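Peer 1: One structure coming up, written as structure tokens, with questions to follow.
The values are calculated or read from the model by the stated rules, or taken from the named source; none is laboratory data. None of these values were measured; they are calculated from a predicted model. Here the Cβ positions follow ideal geometry from the backbone for every residue, glycine too, while neighbour counts run over all protein chains shown.
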Amino acid sequence: MANVSLTGPGLLAFTPSLQLLCMTDGARELCDRLNRSSKSRATKGVLPRAVLELGEEIATRLRATVDPKDWEQAQLTYLVGDRDGAVLLSGVGMPSFGGLEGARIVVLMEAVDPEKTGLPQSAQERFRLTDREQTIVIYLLQGLTNKQIANRMGISIYTVKEHFKRLMPKAHSTTRAGLAAKILLAAKSE
């Protein structure tokens, strides 16, 4: 593959059994980037292990989701790769009224500027974040779960959830993925 600059985000679509349905050129380029930056090679064709792990976790959540209107329960955001090849993976499971067979998993992949993996000052000011909230958001952007955030900060999972409850309205978001997206969009507008 020629060295072509990334012109936009990549998009992948899977079935809940992780059968690949669609892969855009941007996604292919970002998968190659992750595979080059990662010590572990792809596990299935061109797909990096992190993409498959995200898909597996969303598929697990989809199996537990009974009502299609509860699709927000099946979304995750990971920041993967290394300083030279960081990629934000935002995945969502879309339940179907036809059951699990009609459900789909969609993963949006976006390159992250290694110089901007922290929280920009303008985002902190724009969303009026406290220092503790800023730390929570940085960990969110790194793809950590509530439990991992709690362990890193030495606080309870309940406290992390309370922080997210206060963060969501500040960013006009109802989900962790939405919060991460708003913060990243604020960073890009700098």
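Peer 1: So GLN121 passes all but one of these: (1) farther than 17 Å from LEU167 by Cα; (2) modelled with pLDDT under 80. Which condition number does it fail?
Peer 2: Evaluating GLN121 over (1) farther than 17 Å from LEU167 by Cα; (2) modelled with pLDDT under 80 leaves (1) as the failure.
Peer 1: Consider GLU115 carefully, then state whether it is within 29 Å of ARG28 (Cβ to Cβ), at pLDDT below 85 and assigned to a helix (DSSP H, G or I).
Peer 2: On the way: within 29 Å of ARG28 (Cβ to Cβ): yes; at pLDDT below 85: yes; assigned to a helix (DSSP H, G or I): yes.
Taking the combined requirement at face value, the residue satisfies it.
Peer 1: Right, next: Look through segment 167-190, keep the residues that are within 13 Å of GLN124 (Cα to Cα) and basic (Lys, Arg), and return whichever of them is modelled with the highest pLDDT.
Peer 2: LYS170
Peer 1: Check off (1) over 16 Å from PRO95 (Cα atoms); (2) at pLDDT below 90; (3) of a type outside the set (A, V, I, L, M, F, W, C) for THR24 and give me the number that stays unchecked.
Peer 2: Only one criterion in (1) over 16 Å from PRO95 (Cα atoms); (2) at pLDDT below 90; (3) of a type outside the set (A, V, I, L, M, F, W, C) is unmet by THR24, namely (2).
Peer 1: Still on this structure, please answer the following. Within the group ARG132, ARG176, which residue is among the charged types (D, E, K, R) and free of Cβ contacts under 8 Å to residues at least 60 places away in the same chain? Spell out how you get there, then give the answer.
Peer 2: Values: ARG176 fails: free of Cβ contacts under 8 Å to residues at least 60 places away in the same chain.
Result of the check over ARG132, ARG176: ARG132.
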